[in-house]
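> The structure under discussion is supplied below as structure tokens; questions concerning it will follow.
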Amino acid sequence: LLGGGFAVLYFSVFASYAFYNLLTALPAFALMALVTLGAGLFAVRFNSLLVAVLGILGGYSTPLLLSTGEKNFVGLFGYLLLLGAGVLGISRRRHWPLLNYLAMLLTYGLAAAAIGRDYAAADFAVVMPFLAAFFVLFTAAMFLYNLVSGEKATLLEILGTMANGGFFFALGHGVLSTAHGPRAPAVLALILAAFYIGLVYRFLSVHRRDRGLLMAFFAL
């Protein structure tokens, strides 16, 4: 009932914008974001993964449904970052790897589509910080619940952590190469290596016993 209710709310807002012209794009966008927030809160309150998945799918479909066709990296990536922050908040309370995977794949998928369509070298200063923020956010989301609960990361969290690094490096490679030439991604590789070394050091310093996740950081 909850999932169906949120689906109807999404469709109602979209119909008000696209079919009947009762709303312009910005109010419709805000209302859909509000529905997504409500779905996240209800999902945690009633421990319902289905409601969370419906909310995530509706939230990530909002930029597609309400797209104006104009280049707006700040608006799109800022919205994706807010959605990711919501998923991070949920991951602290609920162990739902599927939700983290969906959010990560949809975030990087929409980012890659926008970059492939509109990116130019002049956009580097806007795009790269957002990509870095996505990377840090999903690195945390993949094992935050395990850190809070004291449980070891499962294979899903380990694979998700490695996939997150791969997606970020692939997108960062293209963005850096376009803006600064073919040698620039080497800097990104060094920064990522330092980041994972820092995670290894942190895990060892707090005596965190999670061999699988630690070996994943070493491998990355």
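> How big is the charge dipole of the chain about its Cα centre, in debye rounded to the nearest 20, if each Lys and Arg gets +1 on its Cβ and each Asp and Glu gets -1 on its Cβ?
560 debye
> Which one, A153, V44, A33, is farthest towards the positive end of the dipole of the chain when Lys and Arg carry +1 and Asp and Glu -1 on their Cβ?
A153
> While we're looking at this one, here's another question. Ignoring solvent entirely, what values of log10 I(q)/I(0) come out of the Debye formula for the stretch 86-138 at 0.13, 0.15, 0.17, 0.23 Å⁻¹ when each Cα is a single scatterer?
Treating every Cα as an identical point scatterer, log10 I(q)/I(0) equals -0.38, -0.49, -0.59, -0.88.
> For the stretch 142-220, run through the trypsin sites (Lys or Arg not before Pro) and keep only the ones in DSSP coil with at most 13 other Cβ atoms within 10 Å of their Cβ.
On the way: sites: K152, R183, R202, R208, R209, R211; in loops: K152, R183, R208, R209.
Taking the stretch 142-220 and a limit of 13 other Cβ atoms within 10 Å, the loop trypsin sites (Lys or Arg not before Pro) found are R183, R209.
> Computed over the Cα atoms, what is the radius of gyration of the chain divided by 2.2 N^0.38 Å, N being its residue count? Please report the intermediate quantities before stating the final value.
Working: Rg = 18.6 Å, N = 220, 2.2 N^0.38 = 17.1 Å.
Rounded to two decimals, the normalised Rg is 1.09.
> Another question about this same structure. Give or take rounding to whole Å, what are the principal axis extents of the alpha carbon atoms in the stretch 28-95, in descending order?
If we take the Cα atoms of the stretch 28-95, the spans are 38, 18, 14 Å.
> Nearest 500 deg cm²/dmol is fine: what mean residue ellipticity at 222 nm does the chain get from its DSSP H runs of n ≥ 4 alone, each adding -39,500 (n - 2.57), divided by its residue count? Could the numbers behind the result be given before it?
Details: 9 runs with 180 residues, N = 220.
One gets -28000 deg cm²/dmol as the mean residue ellipticity at 222 nm.
> Here's another thing I want to ask about it. I want to verify the translational diffusion coefficient of the stretch 162-220 in µm²/s; compute it with Stokes-Einstein, Rh as the Kirkwood radius over Cα pairs, at 25 °C and 0.890 mPa s. Working shown, then result.
Working: Rh = 12.5 Å.
The estimated diffusion coefficient comes to 197 µm²/s.
> Within 10 Å, count the other beta carbons around each residue, average over each peptide in 90-100, 184-194, and list them highest first.
The peptides rank, most packed first, as 90-100, 184-194.
> Here's something else I'd like to know. When you count, for each residue, the other Cβ atoms within 10 Å and take the mean per peptide, how do 20-26, 50-56 rank with the highest first?
Taking the mean over residues of other Cβ atoms within 10 Å, the ranking is 50-56, 20-26.
> Considering only protein heavy atoms, with the full assembly of protein chains and a 1.4 angstrom probe, order I158, I197 by accessible area, largest first.
From most accessible down to least: I197, I158.
> Across 10 Å bins from 0, what is the distribution of all Cα-Cα pair distances for the stretch 95-220, in whole percents?
12, 42, 31, 13, 2
The values are calculated or read from the model by the stated rules, or taken from the named source; none is laboratory data. Being a predicted model, the structure only gives us computed values, none of them experimental. Note: ideal-geometry Cβ built from the backbone for every residue, glycine included; neighbour counts use all protein chains shown. To get the accessible areas, we keep the full protein, side chains included, count just its heavy atoms, and leave off ligands, DNA and RNA. Shrake-Rupley method; radii C 1.70, N 1.55, O 1.52, S 1.80 Å.
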